[in-house]
Amino acid sequence: MMITKRCLPRRTILRGLGAALGLPLLDAMVPAFSALVKTAARPVHRFQAFYVPNGMAMDYWTPAAEGSHFELTPILEPLAPFRNQLLVLSGLRSPWNQVHAGASASFLSGTPRLPVRSETETLADTTIDQRLAREFGTETQLASLELSMDNKGNAGECSGGLSCAYVNTISWRTPTMPLPMENNPRVVFERLFGDSGTTELAARHARLRQNKSILDSVTEKLADLERELGPEDQVRVNEYTEAVRHIERRIQRAEEQSDVELPLVEQAQGIPPVFEEHLTLMCDLQLLALQTNLTRIITFMISREQGGRAYPQIGVPDAHHPLSHHQNNPDRIALMSKINAYHAKLFSDYLAKLRATADGDGSLLDHMTILYGCGISNSTEHSPDNLPILVVGGGAGRLQRGRHLKYPDTSLANLLVTLMDKFDMPVERLGNSTGKLQIDTLPGV
């Protein structure tokens with residue numbers, strides 16, 4: 001890192017007509033040695049939840065050995081490049097055994113509340129992402145981002161006579177306010193970087209015909225800024241702005257393709273018809289949001305509970321949710337494990353981008369705590385026991401990683417209390433928690 005005399009605020013935003021462009025961390029934002037020491041000692045700590053639905057093929061997930069000598073199982077094998085960044089946690093249980101609805105609703109809240117038996121009423125608890133957002137949202141443009149690969153919508157009945165809110169989101173601002181998850185890349189992009197000021201469809205089509213980038217309105221300001229930056233900062237800014245342009249072009253291509261008739265495919269405006277292209281675009285948007293400190297809190301669902309996506313591209317033509325009710329049939333469990341491993345591979349690809357993105361004296365991955373997993377283990381039984389849970393990332397220096405830890409019959413809520421501690425926001429209790437998890441040493445040691 002080169003220390004300069006010029007001091008740019010960490011939250012520098014270049015504004016143009018209907019656009020606001022945040023910047024990544026630059027050397028010019030660290031003007032003196034004292035600031036460098038402060039930045040190195042207390043890097044920005046970010047939180048993300050990455051939710052995978054419909055349970056897990058647990059025999060293919062759980063390592064046999066505890067401690068640092070565990071072997072990666074077939075589902076965890078795609079995460080081999082990040083083995084030393086993993087905490088595999090076994091034995092945790094959901095506090096709310098209420099089929100799929102309870103799995104996602106309790107994942108970040110630890111709530112033991114019984115749901116309201118109505119498709120129009122909801123009741124859970126405030127989730128930890130929103131508790132963190134209240135604190136860190138004062139320092140970022142967006143308090144949090146809630147994203148999904150599935151269409152948003154919390155209305156209607158989805159799970160056992162309960163509101164779809166319970167399965168369509170893992171983020172709750174209050175016990176009665178579930179937050180909708182956005183799956184349209186265009187909407188996410190405009191939320192991050194601005195737009196012409198309207199979400200009207202005709203206006204979006206007009207903008208698409210103009211083929212004008214959001215960056216065009218801040219080009220002059222970017223040029224002025226770059227003349228005052230050092231060579232390394234100029235390279236960083238150029239790489240970053242090219243990434244923004246590339247994502248906008250991909251969204252535009254997706255919108256152009258949305259007018260093409262495709263058999264048996266219905267997609268909203270701006271959503272690529274190919275799952276992997278859609279996922280990559282959503283992950284790249286998350287990367288930009290974190291890199292520019294537009295937000296420090298993200299929740300992401302690769303699919304909702306009871307989601308029925310099939311994966312013929314990996315040899316699994318069965319819909320995910322019906323397959324998860326495998327009745328303990330070994331052949332169907334093996335198929336289920338292929339979906340689970342594929343999700344882990346897609347997650348690994350995202351981790352690689354986080355690790356490759358510089359952030360101060362480390363990477364984004366070094367300065368993140370990511371909670372990966374599901375609120376159900378064996379979906380055939382809707383089991384809340386022995387949940388598949390990973391904690392991934394460097395935790396801004398607050399996590400000891402590269403281990404498999406077992407906790408006999410312990411509430412997932414205890415982990416949530418522990419994670420709040422890692423963000424220097426201690427809470428006495430969440431949901432049905434009974435204390436904190438001992439994650440910095442082996443349990444019982």
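At a glance:
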{"item": "Matching residues, the stretch 40-51, being of a type in the set (A, V, I, L, M) and buried (at least 22 other Cβ atoms within 10 Å of the Cβ)", "result": "A49"}
{"item": "Residue among L162, L142 that is crowded, with 20+ Cβ neighbours inside 10 Å and assigned by TED's automatic domain parsing to the domain that holds S433", "result": "L162"}
{"item": "Matching residues in the stretch 66-94 - criterion: being touching a Leu at 6+ places or on another chain (Cβ under 8 Å), surrounded by fewer than 22 Cβ atoms within 10 Å (Cβ to Cβ) and in a loop (DSSP other than H, G, I, E, B)", "result": "E66, L72"}
{"item": "Hits in the stretch 328-358 - residues which are closer than 14 Å to T73 by Cβ and basic (K, R)", "result": "K338, K345"}
{"item": "Any pair with Cβ under 8 angstrom, 6 or more apart, that starts in the stretch 98-110 at a residue that is surrounded by fewer than 24 Cβ atoms within 10 Å (Cβ to Cβ) and ends at one that is outside any helix (DSSP H, G or I) and among the small types (G, A, S)", "result": "Q98/G160; V99/S159; V99/G160"}
{"item": "Condition broken by V37, with the remaining ones in (1) modelled with pLDDT under 95; (2) in a loop (DSSP other than H, G, I, E, B); (3) surrounded by fewer than 18 Cβ atoms within 10 Å (Cβ to Cβ) satisfied", "result": "(2)"}
{"item": "Failed item in (1) of a type in the set (D, E); (2) assigned to a loop (DSSP other than H, G, I, E, B); (3) modelled with pLDDT under 70, with D150 passing the rest", "result": "(3)"}
{"item": "Flag if R173 is surrounded by fewer than 23 Cβ atoms within 10 Å (Cβ to Cβ), among the basic types (K, R) and free of Cβ contacts under 8 Å to residues at least 40 places away in the same chain", "result": "no"}
{"item": "Conditions (1) assigned to a loop (DSSP other than H, G, I, E, B); (2) under 26 Å from E182 (Cβ atoms); (3) modelled with pLDDT under 95; number of the one not met by L108", "result": "(3)"}
{"item": "Per-region count, the stretch 411-442, residues closer than 19 Å to A64 by Cα and surrounded by 15 or more Cβ atoms within 10 Å (Cβ to Cβ)", "result": "1"}
{"item": "Filtered residues of the stretch 273-320 (kept if in a loop (DSSP other than H, G, I, E, B) and surrounded by fewer than 16 Cβ atoms within 10 Å (Cβ to Cβ))", "result": "P273, V274, G308, G315"}
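Listed here are the residues, each with its yes/no results for (1) closer than 24 Å to D424 by Cα; (2) assigned to a helix (DSSP H, G or I).
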position	(1), (2)
K338	no, yes
D349	no, yes
L354	yes, yes
I370	yes, no
S377	no, no
P384	no, no
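The values are calculated or read from the model by the stated rules, or taken from the named source; none is laboratory data. Computed from a predicted model, the values in this text were never measured in an experiment. Note that each Cβ is placed from the backbone with ideal geometry, even for glycine, and that neighbours are counted across all protein chains shown.
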